[in-house]
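The values are calculated or read from the model by the stated rules, or taken from the named source; none is laboratory data. Bear in mind that the values here come from a model prediction, so they are computed numbers and not experimental data. Please note: Cβ atoms are built from the backbone with ideal geometry, for glycine as well, and neighbour counts cover all protein chains shown. The accessibility values were calculated without ligands, DNA or RNA, using every heavy atom of the protein model including side chains. Shrake-Rupley method; radii C 1.70, N 1.55, O 1.52, S 1.80 Å.
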Amino acid sequence: LPSYWIVEKPSYVLVVGDREGDLVMIREYRPGSGKTHLSFPAGFIDDGETPEQAALREFREETGFSATNARVIGVMDAQAGWLKVACHVVLVDAGEQTGAVDVEIEEVLLVSWAEALSKILGGEITEMHSVAGFFLARENR
């Protein structure tokens, strides 16, 4: 077999927040692609945290929304050909927007499930883990 470069990173969460039938999404510049993406909040799981705890923390930090009922609905290998990392997809019930938002987040949006699907099919939502997370969440809500 040819040799490959393998990058190893800590596990992370992708947080799909449902707020009364709308999805809580963010716009954020992503240096890897060099462009702004419409996506779900995500972040690394800190030492000692469960994926559910990390999801509630990341969701609050990146959107300003409170959340409850965090549940892991899937675990995916992100870029399995060269990246060793697990992505825990966590579905949460979003509450009220009561807090500040991380400075790297350009915008927080409420998007209907139908509109999100349209944006995926139309090429506006292109970040792979957000696309996969949407379909996992749609089947597990």
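When you look at GLY81, is it among the small types (Gly, Ala, Ser), without any contact (Cβ under 8 Å) to a residue 60 or more places away in the chain and not in a strand (DSSP E or B), yes or no?
Numbers: among the small types (Gly, Ala, Ser): yes; without any contact (Cβ under 8 Å) to a residue 60 or more places away in the chain: no; not in a strand (DSSP E or B): yes.
Criteria not met by GLY81.
So, in the stretch 56-98, how many residues would count as being closer than 12 Å to GLY17 by Cα and out of contact with any strand residue (DSSP E or B) (no Cβ under 9 Å at 6 or more places or on another chain)?
0
Residues of the stretch 23-70 being in contact with a Phe, Trp or Tyr (Cβ under 7 Å, 6 or more places away or on another chain), under 24 Å from LEU117 (Cβ atoms) and surrounded by 15 or more Cβ atoms within 10 Å (Cβ to Cβ), which ones?
Matches in the stretch 23-70: LEU23, VAL24, MET25, PRO41, ALA42, PHE59, PHE65, ALA67.
Here is a yes/no grid of residues against (1) touching a helix residue (DSSP H, G or I) at 6+ places or on another chain (Cβ under 8 Å); (2) assigned to a strand (DSSP E or B); (3) farther than 24 Å from GLU8 by Cα; (4) not basic (Lys, Arg):
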| site | (1), (2), (3), (4) |
| --- | --- |
| ALA67 | yes, yes, yes, yes |
| VAL75 | no, yes, no, yes |
| CYS87 | yes, yes, no, yes |
| ALA100 | no, no, yes, yes |
| LEU109 | no, yes, yes, yes |
| ALA114 | no, no, yes, yes |
| SER118 | no, no, yes, yes |
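Any idea how many residues of the stretch 34-65 are assigned to a helix (DSSP H, G or I), within 23 Å of GLU124 (Cα to Cα) and not acidic (Asp, Glu)?
2
Would you be able to tell me the number of residues in the stretch 46-98 that are farther than 30 Å from TYR4 by Cβ and of a type in the set (Gly, Ala, Ser)?
8
Quick one: would you say LEU121 is out of contact with any Pro (no Cβ under 7 Å at 6 or more places or on another chain) and free of Cβ contacts under 8 Å to residues at least 24 places away in the same chain?
Here the answer is yes, as LEU121 does meet what is asked.
Mind checking whether some residue in the stretch 87-101 is free of Cβ contacts under 8 Å to residues at least 24 places away in the same chain and not acidic (Asp, Glu)? Full working, then the answer.
Of the stretch 87-101, the ones free of Cβ contacts under 8 Å to residues at least 24 places away in the same chain are none.
Checked the stretch 87-101: no residue is free of Cβ contacts under 8 Å to residues at least 24 places away in the same chain and not acidic (Asp, Glu).
When the residues of the stretch 10-21 are narrowed to those that are outside any strand (DSSP E or B) and open to solvent by less than 100 Å² (accessible area, probe 1.4 Å), which ends up modelled with the highest pLDDT?
The initial filter retains those residues of the stretch 10-21 that are outside any strand (DSSP E or B), namely 10-11, 20-21.
Within this subset, residues satisfying the condition of being open to solvent by less than 100 Å² (accessible area, probe 1.4 Å) are 10-11, 21.
Details: PRO10: 83, SER11: 90, GLY21: 95.
Among those residues, the one meeting the criterion is GLY21.
When you look at LEU1, is it crowded, with 17+ Cβ neighbours inside 10 Å and either at pLDDT 95 or above or out of contact with any strand residue (DSSP E or B) (no Cβ under 7 Å at 6 or more places or on another chain) (or both), yes or no? Quick ask: steps written out before the conclusion?
On the way: crowded, with 17+ Cβ neighbours inside 10 Å: no; either at pLDDT 95 or above or out of contact with any strand residue (DSSP E or B) (no Cβ under 7 Å at 6 or more places or on another chain) (or both): yes.
For LEU1, the condition - crowded, with 17+ Cβ neighbours inside 10 Å and either at pLDDT 95 or above or out of contact with any strand residue (DSSP E or B) (no Cβ under 7 Å at 6 or more places or on another chain) (or both) - is not met.
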